[in-house]
Amino acid sequence: METDLLDQQTRYMEAIQDFCLMDDTFMQVVFADKDCVQLLVDTIFQKHIEIAFFQSQYNLKNLHGRSLIVDILVQTTDGRRINIEVQRNKDGAHPRRAAFHESLIDADVSRPKDKWQEMSDVTVVFICDCDVLGCGEAIYHIHSRCDETGQYVEDGMEKIYVNGKRQDDTDLGRLMHDFYCTKAEDMYYEVLREEVRYFKEEKGGQQAMCEIMDR
């Protein structure tokens, strides 16, 4: 029994050293830190976003169908909801999935007497292990437009795809580089570097990771 526990602990420690931020298990612990979430949001949107509330592994229940546990859900001080997802699988980042996330977030935060024009804006961000749209861009912003006029339709919905393979010398490119690092010392951003170092190298962080892996 004791040997089995030691073997399991050894396997856990090896797995922890192989983790990067593209791995869901590791992402959820690192981005439980507000400073890390702030860096992530500010870099993706290329401006400072005031965060009122955030939660990793947020549960969106659907009593009549499929529910979701989203990676990160942010509420900004102006009421916008931002859902950030990491996806290694191209199929998991399908635009229909992004639309489903938007619909459940709307259902979760809206109330019967809310006026339609006052509903919260929702942005769903997928950080992908590939170029999902295949056009070579580092980031894609998708909004609703009228076919006949090309006019932008203000429906409060936005989808953003981040191409994790574009790791050029920009703020976003350096962030994507950090998402693939397995060693803290290889990372550009200090706030991420320190969180990753804690969970990979310090006893308290390693223990927290082992408990999550047990669950």
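The values are calculated or read from the model by the stated rules, or taken from the named source; none is laboratory data. Since the model is a prediction, treat every value here as computed from it, not as a measurement. Every residue, glycine as well, gets a Cβ built from its backbone with ideal geometry; the counts of neighbours run over all protein chains shown. Surface accessibility is based on the protein's heavy atoms, side chains included, excluding ligands, DNA and RNA. Shrake-Rupley method; radii C 1.70, N 1.55, O 1.52, S 1.80 Å.
Residue-by-condition table, conditions (1) out of contact with any strand residue (DSSP E or B) (no Cβ under 6 Å at 6 or more places or on another chain); (2) over 30 Å from Gln206 (Cβ atoms); (3) not β-branched (Val, Ile, Thr):
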position	(1), (2), (3)
Ile105	no, yes, no
Ser110	yes, yes, yes
His141	no, yes, yes
Asp169	yes, yes, yes
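Tell me yes or no: at least one residue of region 161-171 is aliphatic (A, V, I, L, M), without any contact (Cβ under 8 Å) to a residue 40 or more places away in the chain and within 23 Å of Val132 (Cβ to Cβ).
no
Specify which of the listed residues (Ala208, Ala138) is closer than 21 Å to Gln17 by Cβ and of a type in the set (A, V, I, L, M).
Ala208
Tally time: how many residues in region 68-91 are more than 13 Å from the chain's Cα centre (by Cα) and free of Cβ contacts under 8 Å to residues at least 24 places away in the same chain?
1
For Gln55, only one of the following conditions fails: (1) more than 20 Å from Asp178 (Cα to Cα); (2) within 12 Å of the chain's Cα centre (by Cα); (3) surrounded by 17 or more Cβ atoms within 10 Å (Cβ to Cβ); (4) of a type in the set (S, T, N, Q). What is its number?
(3)
Give region 63-96 a look and list any residue that's over 24 Å from Val29 (Cβ atoms), in contact with an Asp or Glu (Cβ under 9 Å, 6 or more places away or on another chain) and not β-branched (Val, Ile, Thr), or say none.
Asp78, Gly79, Arg80, Lys90, listed by residue number.
Yes or no, residue by residue, for (1) open to solvent by 50 Å² or more (accessible area, probe 1.4 Å); (2) touching a His at 6+ places or on another chain (Cβ under 7 Å):
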| site | (1), (2) |
| --- | --- |
| His141 | yes, no |
| Met157 | no, no |
| Val162 | no, no |
| Tyr188 | yes, yes |
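Output yes when any residue across region 124-132 is open to solvent by 20 Å² or more (accessible area, probe 1.4 Å) and either among the polar types (S, T, N, Q) or not in a loop (DSSP other than H, G, I, E, B) (or both), and no when none is.
no
Of the numbered conditions (1) crowded, with 16+ Cβ neighbours inside 10 Å; (2) without any contact (Cβ under 8 Å) to a residue 40 or more places away in the chain, Glu202 fails exactly one; give the number of that condition.
With (1) crowded, with 16+ Cβ neighbours inside 10 Å; (2) without any contact (Cβ under 8 Å) to a residue 40 or more places away in the chain applied to Glu202, the lone miss is (1).
For region 121-128, indicate whether the set of residues that are out of contact with any Gly (no Cβ under 9 Å at 6 or more places or on another chain) and without any contact (Cβ under 8 Å) to a residue 40 or more places away in the chain is non-empty.
No - not one qualifying residue is present in region 121-128.
With the condition kept exactly as written, say whether any residue in region 42-57 is in a helix (DSSP H, G or I), of a type in the set (S, T, N, Q) and closer than 15 Å to Val125 by Cα.
yes
Just checking, does region 33-51 include any residue being surrounded by 18 or more Cβ atoms within 10 Å (Cβ to Cβ), touching a helix residue (DSSP H, G or I) at 6+ places or on another chain (Cβ under 7 Å) and under 19 Å from Glu211 (Cα atoms)?
no
Within region 100-123, track down each residue that is open to solvent by 40 Å² or more (accessible area, probe 1.4 Å) and either within 18 Å of Val162 (Cβ to Cβ) or outside any loop (DSSP other than H, G, I, E, B) (or both).
Listed by number, the residues that qualify are Phe100, Ser103, Ala107, Asp108, Trp116, Gln117, Glu118.
Restricting to region 58-77, name every residue that is open to solvent by 60 Å² or more (accessible area, probe 1.4 Å) and not β-branched (Val, Ile, Thr).
Asn59, Lys61, Leu63, His64, Arg66
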